[in-house]
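Peer 1: Structure provided below as structure tokens; questions to follow.
Read the figures in this text as sums done on the coordinates, not as results from a lab. Everything quoted here is computed from the prediction, not taken from an experiment. Positions of Cβ are backbone-derived with ideal geometry, glycine not excepted, and every protein chain shown enters the neighbour counts.
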Amino acid sequence: MVDDDPSVRCGLSSFLRSFDYDVVTFESATDMLAAIGDATGDRQPHCVISDVQMPGMTGVQMFLRMIDAGIRLPTIFITAYPMPALQQQALENGAIAFLIKPVRGNDLADAIATSLAT
């Protein structure tokens, strides 16, 4: 999970762990890209949850860089500032969902279930 806000990372990771998911958090898209580039085999994530607006690199920019690098992971975006153009770009490039903060637990759980089924 990638979010620059520590309280969001903490809250969402606790929520996800309540479903017995292993969760690794990153405070920036750059940190996520570095980690995912080093991950192999069972260390490769099965799903990415990312904030959209972050300093340095947005979640959508991170997602597009992953695609360009041949890394195709089911990705769910969360944002407090929905922008139709970014939402359209993310979904057209294969994102699973684009959820608005505060994220409803059921919506996130459904999006994760969809991502893990792909």
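Peer 1: Name the residues in the stretch 65-79 that are over 10 Å from Gly94 (Cα atoms), within 13 Å of the chain's Cα centre (by Cα) and either surrounded by fewer than 23 Cβ atoms within 10 Å (Cβ to Cβ) or among the polar types (S, T, N, Q) (or both), would you?
Peer 2: Hits for the stretch 65-79 are Met66, Thr79.
Peer 1: Name the residue that is nearest to Ala111 (Cα to Cα), counting only residues in the stretch 9-32 that are aliphatic (A, V, I, L, M) and surrounded by fewer than 19 Cβ atoms within 10 Å (Cβ to Cβ). Write out each step before concluding.
Peer 2: Taking the stretch 9-32 as the starting set, the residues that turn out to be aliphatic (A, V, I, L, M) are 12, 16, 23-24, 29, 32.
Of the ones still in play, those that are also surrounded by fewer than 19 Cβ atoms within 10 Å (Cβ to Cβ) are 23-24.
Values: Val23: 16, Val24: 18 Å.
Ranking the candidates gives Val23 first.
Peer 1: Another question about this same structure. Which residue pairs have Cβ atoms closer than 8 Å, lie 6 or more positions apart in sequence or on different chains, and pair a first residue in the stretch 94-113 that is part of a loop (DSSP other than H, G, I, E, B) with a second residue that is loosely packed, with under 13 Cβ neighbours inside 10 Å?
Peer 2: Every condition considered, the pairs that remain are Gly94/Arg72; Ile96/Thr118.
Peer 1: Which one is nearest to Ile36 (Cα to Cα) among residues in the stretch 59-89 that are polar (S, T, N, Q) and not in a helix (DSSP H, G or I)?
Peer 2: Restricting to residues being polar (S, T, N, Q) and not in a helix (DSSP H, G or I), the top hit is Thr75.
Peer 1: Filter the stretch 95-118 down to residues that are loosely packed, with under 14 Cβ neighbours inside 10 Å, farther than 17 Å from Phe15 by Cβ and out of contact with any Pro (no Cβ under 8 Å at 6 or more places or on another chain), then give me how many there are.
Peer 2: Matching residues across the stretch 95-118 total 1.
Peer 1: So in the stretch 5-28, with the set limited to residues that are within 12 Å of the chain's Cα centre (by Cα) and assigned to a loop (DSSP other than H, G, I, E, B), which one is farthest from Met62 (Cα to Cα)?
Peer 2: This residue is Val23.
Peer 1: Being under 22 Å from Thr118 (Cα atoms), over 11 Å from the mean Cα position of the chain (by Cα) and among the β-branched types (Val, Ile, Thr) is true for just one of Ile49, Ile36. Which residue is that? First the steps, then the outcome.
Peer 2: Details: Ile49 fails: over 11 Å from the mean Cα position of the chain (by Cα).
The match here is Ile36.
Peer 1: Okay, next question. May I ask you to list pairs of residues, at least six apart or on different chains, whose Cβ atoms are under 7 Å apart, with the first in the stretch 63-92 being touching a residue at least 40 places away in the same chain (Cβ under 8 Å) and the second being buried (at least 17 other Cβ atoms within 10 Å of the Cβ) and among the small types (Gly, Ala, Ser)?
Peer 2: Sorted first by the residue in the stretch 63-92, then by its partner, the pairs are Pro74/Ser115; Thr75/Ser50; Thr75/Ala95.
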